[in-house]
Amino acid sequence: MADQNDDGLLAPAERDLRLDLVRGIGQWMVFLDHIPYDIVSWLTLRNYGFSDAAEFFVFISGYTAGFVYGPAVANGQLLAATKRLLKRAWHLYVAHIFLFLFFVAQIARAARRFDNPMYGNEYNIFLFLEHPDVMIGQTLMLKFKPVDLDVLPLYIVLVLALPAILWGLVKIPRWTLLGSSVLYVLARYFDWNLPSFPGGNWYFNPFAWQLLFVFGTWCGLNGAAEIAALIRSRAVLILALVWIAFSFLIVMTWHLPALDAMIPKWMIHVIYPIDKSDLDMFRLIHFLALAVVFVRYVPRNWPALRSNLLRPLVLVGQHSLPIFCLGVFLSFAAHWFLVQIEGDIAAQIVVSVAGMAAMVGVAWVLDKFKALPDHFAPRKAAAPETA
């Protein structure tokens, strides 16, 4: 019989360290991608394919939710799972608000102290500084978001929808997957999205990105076992490698304009725009192709996952929320520092490595803190001395 946790929910089996590894790599990539004009950011995925770390984070979040809460829902514990998920959504909301406040304060202080309004404009907080009375309310409603703070609101909405998603995937999985796919198509066709303030829509359209999240949840619920034979097939592997190569060649035309002339005009009309906000199908297929190759060649019991070499990345991935928040601050601090010193390539490398090392260090401290016991035995009172 499966173990139960403190809330009475069925406890899942041992965690898959591959997910932590990918999350850790993704945290580093997000940090580097948020530093403008950083030479080290050329190591990140977005420079060599259609997708980037965002797809991996959303899929893994869905997979983890299905893996952790799916067994409880399947065993009739929907209300208990809903309670946990609502608490998780609240924690994400509080983290987003605190991150927003500290992030805005960090940028505003830099802009005022160094008399450089570029920071306020570049990170989309100028309007907040001009009209804080209005913008605080819009922030609390998740309608106003500075640059780099778009992903947590997406997670909040998806976690709030998780009880219904889990119930559907347990009771009527195929219809739920079909419904998610239809919603994705309709959202892209009719431009369904949530509004932002003072105008526009959410950068990560939850009506589109839910497709990847729902698919990840289904995989975590046992869907991965259903398609295991398909993933292991030679034909799927070849198709995945072909798509990865095709994506690489197209992205290279963005960096090397001379190659752009090699792309036929009809193909350009088919490919572009490759939209991130609405999770373009080209990005989705690229992520699935990478996932197929990764799962095929990195087994769950791969010894290196427990090695000292990969331990730092696994640690970063195991504390994804606080490390993400830290990475947001570090990316701005790195950008500010490089602007102030007019940093060259050597400075960019030093700052980037220092930031990644700081993320590992904080993750290590959090891991040690988490390992401490929650309770301790009080010291026994000494027996009174007798005369």
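Since every read-out is calculated from the coordinates, none of them should be taken as a lab result. On a predicted model such as this, the values are computed, not experimentally measured, just so you know.
Couple of notes before you dig in:
- Helical content of the chain, expressed as a calculated mean residue ellipticity at 222 nm, amounts to -21500 deg cm²/dmol (DSSP H runs of 4 or more residues, -39,500 (n - 2.57) each, divided by residue number, nearest 500).
- Table column - 3J(HN,Hα) (Hz), segment 339-351, Karplus curve with 6.51, -1.76, 1.60, x for Gly and Pro: 5, 5, 9, 6, x, 8, 4, 4, 5, 4, 5, 4, 5
- According to the Kirkwood relation over distinct C-alpha pairs, the hydrodynamic radius of segment 223-366 is 19.0 Å.
- Normalised by 2.2 N^0.38 Å, where N is the number of residues, the C-alpha radius of gyration of the chain stands at 1.09.
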